[in-house]
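See below for the structure under consideration.
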Amino acid sequence: MRKKQLAWWLWAVGTVLIVLSWFHIVTPQVGWVGFAIGMCGSVLGWGIRPPRSPQPPVDTNQDQAPKV
């Protein structure tokens, strides 16, 4: 299982536990555990490494004189 798949499954399971606690199917403590599981999935999915910013275009015409 890849990191993205694991992150998605953690987030989904956490969300299900939270929703089940809203409807009093599980205890609020289980809902908080779901919140923690979902947060772990979010951090694993995109929080560990920030997204890369786009690189500026490289000027390949360096032999020309600069424009004034």
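Derivation of every value follows stated rules applied to the coordinates shown; laboratory data play no part. Keep in mind that what you see is a predicted model, and the values were worked out from it rather than measured. Heads up, the Cβs are rebuilt from the backbone with ideal geometry, glycines too, and the neighbour counts pull from every protein chain shown.
As a footprinting exposure proxy, order Leu10, Leu20 by other Cβ within 10 Å, with the fewest listed first.
Final ranking by Cβ density, sparse to dense: Leu20, Leu10.
Computed over the Cα atoms of segment 3-47, what is the convex hull's projected area averaged over all directions, in nm²?
Over all viewing directions, segment 3-47 projects a mean Cα-hull area of 2.5 nm².
Restricting to Cα pairs below 8 Å that are 6+ residues apart, what does the relative contact order work out to for segment 3-47? Please round to a whole percent.
Worked out over segment 3-47, it gives 51 percent.
Long-range amide H contacts for Val26: which residues qualify at under 5 Å (H placed 1.01 Å from N, peptide plane, sequence gap of 5 or more or a different chain)?
Ser21
Which whole-Hz ³J(HN,Hα) couplings does segment 13-21 yield from phi under the Karplus relation 6.51 cos²θ - 1.76 cosθ + 1.60, θ = phi - 60°, glycine and proline marked x?
Going residue by residue, I get 5, x, 5, 4, 5, 4, 5, 4, 6 Hz, with x marking Gly and Pro.
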